[in-house]
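Heads up, the thing below is written out as structure tokens.
The values are calculated or read from the model by the stated rules, or taken from the named source; none is laboratory data. Given the structure is predicted, the values throughout are model-derived calculations rather than measurements. Here the Cβ positions follow ideal geometry from the backbone for every residue, glycine too, while neighbour counts run over all protein chains shown. Surface accessibility is based on the protein's heavy atoms, side chains included, excluding ligands, DNA and RNA. Shrake-Rupley method; radii C 1.70, N 1.55, O 1.52, S 1.80 Å.
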Amino acid sequence: ASPTTATVGAPDVYPTSHEQVSSPGNTQNFLDNQFVNSKATSWIDLFDPATNNLVTRVPQSTDIELNAAVVSAQKAFPAWKAMSLLAKQQIMFKFVALIRQHWDRLAASITLEQGKTFADAKGDVLRGLQVAETACGITTQLTGEVLEVTKDMETRNYREPLGVVAAICPFNFPAMIPLWSIPIATITGNTLILKPSERDPGAAMILAELAREAGYPDGVINIVHGSAKTVDFIIDEPVIKAISFVGSNKAGEYIFTRGSAKGKRVQANLGAKNHAAVLPDCNKNQALNSIAGAAFGAAGQRCMALSALVMVGETKDWLPEVAERAKKLNVNGGFEEGADLGPLISPQSRGRIESIITSAEEEGATILLDGRGYKPEKYPNGNWIGPTVIANVKPHMRCYKEEIFGPVLVCLNVETMDDAINLINANEYGNGVAIFTRSGSSAGRFQKEIEAGQVGVNVPIPVPLPMFSFTGNKKSVAGGGANTFYGKSGINFYTQTKTVTSLWKAEDAVAAKANVEMPTHS
Ligand code: NAD
């Protein structure tokens with residue numbers, strides 16, 4: 001089969017429309033710096049979500065291929081660990097430059113396979129690129145500590161890589177989330193096995209190609225494919241010391257529990273239900289635009305999508321205006337000029353979301369804007385749902401309890417800010433939250449009392465940039481959020497501290513008898 005997504009490509013050669021790929025080929029494995037055809041017997045068809053045309057077939061990598069990735073990463077580790085930080089930094093500089101050069105190509109792969117608009121896909125790449133750019137500063141981020149702990153004796157610590165590590169990625173950010181791992185895992189000296197989402201591995205394959213071109217040695221980055229079988233392999237393989245997972249609670253809680261039981265470090269970012277509390281004193285226009293953008297952008301398929309709106313006091317009367325703004329958004333193929341949001345990832349996802357909207361109707365909520373059945377003229381076969389606004393939602397309803405992960409905004413009314421805080425804190429998820437207000441004291445109290453890891457004050461999607469860390473809370477993160485992605489915490493996750501205590505004192509060498517007491521160094 002001729003490879004499609006995984007061949008070496010020029011930065012300006014990429015799809016610019018949803019036209020049927022002329023000869024859909026197979027996605028390859030990336031082993032030991034080579035793109036290798038898979039001998040898989042089981043393949044996953046990948047369809048353009050705007051048309052449901054076949055784009056490529058993704059292998060369930062075979063046991064031999066999975067083992068080859070481990071052998072390659074293990075073999076590469078000693079030399080990669082030993083390579084000077086400055087040499088690694090040079091590779092990262094080149095990697096960063098190449099990502100920028102291939103930015104449009106990466107984005108086009110995302111629009112084709114994942115469905116988001118081209119402009120939004122460029123943002124997906126950029127947010128990952130910024131992690132790689134920040135990793136270039138590793139020379140000042142990896143320094144240890146040293147202290148003369150007592151006369152002639154000093155203790156110093158070093159941060160050392162773990163060895164072979166793995167990353168398991170979700171479908172919704174095909175470039176950004178692989179780039180939460182690739183730069184930090186490797187610049188700290190680990191070798192990496194990455195499993196992209198089987199629903200859109202194209203961007204990760206381009207990143208592999210760029211990494212090779214940037215000078216990453218053979219085996220430092222390997223890419224394998226598949227679904228649960230590959231994940232189980234990663235969990236069970238003793239050579240793999242740590243797992244970075246981003247995705248749903250169902251998969252993530254399983255991976256965290258089983259991976260931890262095998263003695264591995266696991267960082268796992270999971271699902272969400274992100275609320276916005278709207279206070280009557282806010283800048284109404286800014287709030288309504290922010291809410292519509294953050295609820296429906298990327299068709300709501302962001303873990304930080306603003307999916308639950310809490311209208312405080314009289315702001316409940318603004319809901320028709322929220323629906324009006326949502327209605328103005330252009331739902332279309334992601335390559336189309338002026339498209340605001342694209343399709344959902346799969347027909348199954350569309351069916352699940354439609355059934356949630358129907359359940360809301362049956363449970364007594366009001367559908368203010370109904371996106372069911374919407375189809376852009378040019379793309380009748382895509383997985384479409386238009387922006388949907390559901391009012392009069394109560395916390396017991398299915399549309400409130402479940403993460404919808406689609407262009408659906410559920411709206412609840414409360415009387416006071418305290419009611420809003422209580423409602424939001426009672427939700428089991430705690431990824432992001434936003435408050436819209438002009439009052440510093442209301443915002444101050446809200447940010448202190450709210451139990452969500454990432455708070456926006458008049459900022460609808462408060463995802464921290466890479467000098468900070470992605471700090472979900474409650475059920476949105478496994479293991480109590482001890483191992484968050486990127487930032488200082490990301491470096492800690494991928495490194496182990498070694499503490500060395502040294503004594504260089506000649507008189508000890510001439511003592512006649514051993515001292516058996518606990519050394520106190522005092
Ligand atoms: P998913 O859990 O279905 O898939 C994620 C990865 O897990 C994929 O690589 C997949 O192959 C694997 N996987 C799926 N089911 C599995 C199973 N039963 N056993 C083992 N592995 C399995 O998630 P998704 O649909 O790709 O992504 C959407 C989810 O990810 C949403 O819940 C979203 O909130 C979450 N997400 C969270 C963050 C965050 O930072 N908190 C970021 C992005 C996405």
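Annotations
- 3J(HN,Hα) along region 221-228, derived from phi through the Karplus expression 6.51 cos²θ - 1.76 cosθ + 1.60 where θ = phi - 60°, amounts to 10, 10, 10, 10, 10, x, 10, 4 Hz, with x in place of Gly and Pro.
- Degrees separating the helix 347-362 axis from the principal Cα axis of the chain, which is the longest one: 50
- Between T150 and E377, the simple label model (points 7 Å from Cα in the Cβ direction) yields a spacing of 8.5 nm.
- FRET efficiency, 1/(1 + (r/R0)^6) with R0 30 Å, evaluated for R398 and Q20 via beta carbons: 0.20
- Listed pairs K241/K488; K250/K273; K264/K475; K88/K262; K81/K498; K81/K262 exceeding 22 Å between Cα atoms: K88/K262; K81/K262
- On a per residue basis, the chain carries 41 Å² of accessible surface, using protein heavy atoms and a 1.4 Å probe.
- Taking only alpha carbon atoms, region 7-153 gives an Rg to Rh ratio of 1.10, where Rh is the Kirkwood radius.
- Extreme residue, positive dipole direction of the chain, given options Q447, Y486, G432 (C-beta unit charges): Y486
- Ranking by accessible area, most exposed first, for V331, V457 with a 1.4 Å probe: V457, V331
- Inter-part distance, region 479-493 to region 21-95, computed on C-alpha centroids, equals 25 Å.
- For E361, solvent-accessible area (1.4 Å; no DNA, RNA or ligand), Å²: 90
- Long-range amide H partners of A167 with built H, under 5 Å: I193, L194, K195, S244
- Of the beta bridges in region 118-237, as assigned by DSSP with both residues counted there, near 35 percent are antiparallel.
- Counting only protein heavy atoms and using a 1.4 Å probe, the accessible area of L368 comes to about 70 Å².
- 3J(HN,Hα) along region 25-41: x, 9, 6, 9, 7, 10, 10, 6, 6, 10, 7, 10, 4, 7, 9, 4, 9 Hz, from the Karplus curve 6.51 cos²θ - 1.76 cosθ + 1.60 with θ = phi - 60°, whole Hz, x for Gly and Pro.
- Crossing angle, helix 63-82 versus the chain [Cα axis fit, 0-90 degrees, rounded to tens]: 50
- Top positive-direction residue, dipole computed over the chain with Cβ charges, set F470, L142, A132: L142
- D32, D45, ranked by accessible area, largest first (probe 1.4 Å): D45, D32
- Total charge dipole magnitude, the chain, about the Cα centre, Cβ charges on Lys, Arg, Asp, Glu only, Debye to nearest 20: 660
- Unit charges on C-beta of K, R, D, E only; dipole of region 359-452, Debye: 340
- Expected 222 nm ellipticity per residue - DSSP helices of 4 or more, -39500 (n - 2.57), all of the chain, to 500: -11000 deg cm²/dmol
- Summarising the strand pairing of the chain, around 40 percent of its internal DSSP beta bridges are antiparallel.
- Cα→Cβ-extended label distance, 7 Å offset, between V71 and V8, nm: 2.5
- Rounded to whole Hz, the Karplus (6.51, -1.76, 1.60) HN-Hα couplings of region 332-340, x for glycine and proline: 6, x, x, 7, 6, 4, x, 5, 9
- A Cα-only calculation for region 129-219 places Rg and Dmax at 16.9, 60 Å.
- At full extension, Q286 and A512 could sit 73.4 nm farther apart than now, given 0.36 nm per residue minus the alpha carbon distance.
- Acute angle (nearest 10 degrees) that the helix 178-187 long axis makes with the longest principal axis of the chain, alpha-carbon atoms: 10
- Heavy-atom accessible surface of the chain: percent carbon and sulfur, 1.4 Å: 53
- Taking amide H as placed 1.01 Å from N in the peptide plane, A277 has its amide H under 5 Å from the amide H of V310, A434, I435, F436, each at least 5 places away in sequence or on another chain.
- Debye intensity ratio in log₁₀ form over the Cα atoms of the chain, taken at each q of 0.10 Å⁻¹: -0.80
- Counting only Cβ charges, +1 for Lys and Arg and -1 for Asp and Glu, the dipole size of region 366-522 around its Cα centre is about 320 debye.
- Using heavy atoms of the protein chains and a probe of 1.4 Å, the accessible area assigned to R352 is about 90 Å².
- Per the Cα gyration tensor, region 381-498 maps to an equivalent ellipsoid with semi-axes of 28, 21, 14 Å, ordered largest to smallest.
- Annotation: amide H of F485 within the under-5 Å range of F470, sequence separation 5 or more or interchain, hydrogens built in the peptide plane.
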